[in-house]
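Beneath this line is the structure, given in structure tokens, with notes to follow.
Every number in this text was worked out from the coordinates using simple rules, so none of it is lab data. Not measured: the values here are computed from a predicted model. A quick note on method: Cβ atoms are made from the backbone with ideal geometry, for glycine too, and the neighbour counts reach across all protein chains shown.
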Amino acid sequence: MLIFNTMTGKKEDFIPLQRETIGMYACGVTAYNHCHIGHARSAVVFDVIKRYLQYRGFNVKYVRNFTDIDDKIINKAEEEGTSWDAVARKYIDEFYSDMDRLGVSKADVEPRATGHIEDIIEVIKILIDKGYAYEVADNDNKSLYFSVDRFPEYGKLSKKQKGELMAGARACVDEKKKNPIDFALWKASKKGEPWWESPWGRGRPGWHIECTAMAIKHLGESIDIHGGGADLIFPHHENEIAQSEALTGRPFVKYWMHNGFITINKEKMSKSLENFFTMREILDKYNAEAVRLFLLSSHYRSPIEFSHEQLHDAESSLDRYYSTKARMDEFLSMSTGVQKKAIYSAELEDFVSKFKNKFESAMDDDFNTALAIGHIFELAREINKFLDLRPSGETAETLIKMARDMLSATGSVLNLFGKTHLEWNADLLKTKKIPLSVDDIVARVDERQIARQNKEWAEADLIRKGLEDKGIILEDKRDGTSWKVNVS
RNA sequence: GGCGGCGUACCCAAGGGGCUAAGGGAGAGGUCUGCAAAACCUCGAUGCAGCGGUUCGAAUCCGCUCGCCGCCUCCA
């Protein structure tokens, strides 16, 4: 298995630190606003990485944090006239509901900064003892900073030179810092701000330190994989490395993984440019599974241009997949095991025999989900071709069963393609806000079936037209009529 | 300015020295059908931003040019 390591800038063989369990940490969200599709991408990408590692037989302990205290949360609370913890709770709940719809499962541990104040304080104490941190008085309380000059390897992840950083450092630097690029470990509490008691008075943790404290607490001093969005490389992950390696004297992370951005008009989606789409808005318009497919249809490190058209295309393509699935299920449920005529199955057999390998080598190559999905659709096409031959008999049945099982095994790594045709369409009724239930539709189809049997074509056409106007398409087949939601 | 990345058909996108340049969407033709739609099948880049070079061989490596983006500041 190859993983692209941001630290070395190369794809490297994945060799875990220890045999038993892989430690994986991904930086989650700061809970101060609705999450947007960029946050979702990161969550989906690491969800798939975790799933594939498990598929490959590794035990994985996956930790994803929530930042539930920081300046933005405090500001938001002031804006909304509530407390900081109410803000954090609200957006964490919302994050969970969005992620749930996207099929992102929970991490094994989901620590929050405010739940680890003691651990953070312990870490800072050690950093002081080792001479990496210094205090700055701020009225009655004290702030603590990490002294970047004490850590010679600073910049090794982001490939930055300390000198250049200084030149580019912000104008409004805290003049109490020894070096403009030093960063806060602990912030003295200002009036009206939330605070925790510490050896340095009342204050709260800086941003970066929570990840150091929580990663080490839950995964140990050295972890296999640490990831997040590419915008976290600097300064967040650079600072994490400095703190953590200063603390333990050991390498913090073996493989650093970073996902690319979502762009709009080629520009990074960001709050300051006000060019973001929240997951709320997107899930209101598009099917959640289609959004997940859209996100996984590009390699995780490539930028993805946000596009309504592509989101819609993803729905169409999923719809086609589920049609194939319906054909397979139907074939298997109707199959009698008796072979009526000779079948030509060599091509499908060939595809089925190679499929698992193709899927795995795609995923083994730095989690190439786009290629893997391509293979899945290729197999679907072969299945359709085979089914077009109207096969029968045990050989055909076995083959289709095998294909279906493989599709479901690989689909579950991506957490895609797992529904039945009916579930997919029932889901689409909701996405497309069609005011009909499955039962309503089935009742109308049954009515129409009677009309058809009596050759009352006008009546049958009327029913079909009525459903069509509501976005339901009827498909007449040899042995009955099936329905589906029109995605186009 | 420093560092990094991108440019593949109408749109999206994989590939990253030699196999017919995956896959999806759109489009066109066909099969099926009471009619129709859907579905399904087939077709779709002699060419991978441009120009040079290396090589028996380049979309893939090297150089230059053009266009675009990211990080260097809170950011997934």
Problem - Residue match in the stretch A:391-408 (condition: surrounded by fewer than 20 Cβ atoms within 10 Å (Cβ to Cβ), in contact (Cβ under 8 Å) with a residue 24 or more places away in the chain and within 14 Å of RNA strand B (Cβ to nearest atom)) - result: no
Fill in the blank from the handout: All-but-one check, A:Leu332 against (1) touching a residue at least 12 places away in the same chain (Cβ under 8 Å); (2) out of contact with any helix residue (DSSP H, G or I) (no Cβ under 8 Å at 6 or more places or on another chain), failing number (2)
Handout entry: Hits in the stretch A:414-444 - residues which are within 30 Å of A:Arg56 (Cα to Cα) and surrounded by fewer than 20 Cβ atoms within 10 Å (Cβ to Cβ)
Key = A:Asn415, A:Gly418, A:Lys419, A:Thr420, A:Glu423
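This table checks each residue for (1) in contact with a strand residue (DSSP E or B) (Cβ under 8 Å, 6 or more places away or on another chain); (2) more than 21 Å from A:Ala215 (Cα to Cα); (3) crowded, with 21+ Cβ neighbours inside 10 Å.
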residue: A:Val109; (1), (2), (3): yes, no, no
residue: A:Leu127; (1), (2), (3): yes, no, yes
residue: A:Ser143; (1), (2), (3): yes, yes, yes
residue: A:Pro152; (1), (2), (3): no, yes, no
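Yes or no, residue by residue, for (1) out of contact with any strand residue (DSSP E or B) (no Cβ under 9 Å at 6 or more places or on another chain); (2) hydrophobic (A, V, I, L, M, F, W, C); (3) more than 13 Å from RNA strand B (Cβ to nearest atom):
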| residue | (1), (2), (3) |
| --- | --- |
| A:Phe306 | no, yes, no |
| A:Gln310 | no, no, no |
| A:Asp319 | no, no, no |
| A:Tyr322 | no, no, no |
| A:Gln339 | yes, no, yes |
Practice task
Would you mind listing the strands (runs of 3 or more DSSP E) fully within the stretch A:150-250 where at least 1 residues are among the basic types (Lys, Arg)?
Solution key: A:183-188, A:201-205
Fill in the blank from the handout: Per the filter on the stretch A:368-383, residues in contact (Cβ under 8 Å) with a residue 40 or more places away in the chain, more than 6 Å from RNA strand B (Cβ to nearest atom) and in contact with a helix residue (DSSP H, G or I) (Cβ under 6 Å, 6 or more places away or on another chain) are A:Thr369, A:Ala372, A:Ala380, A:Ile383
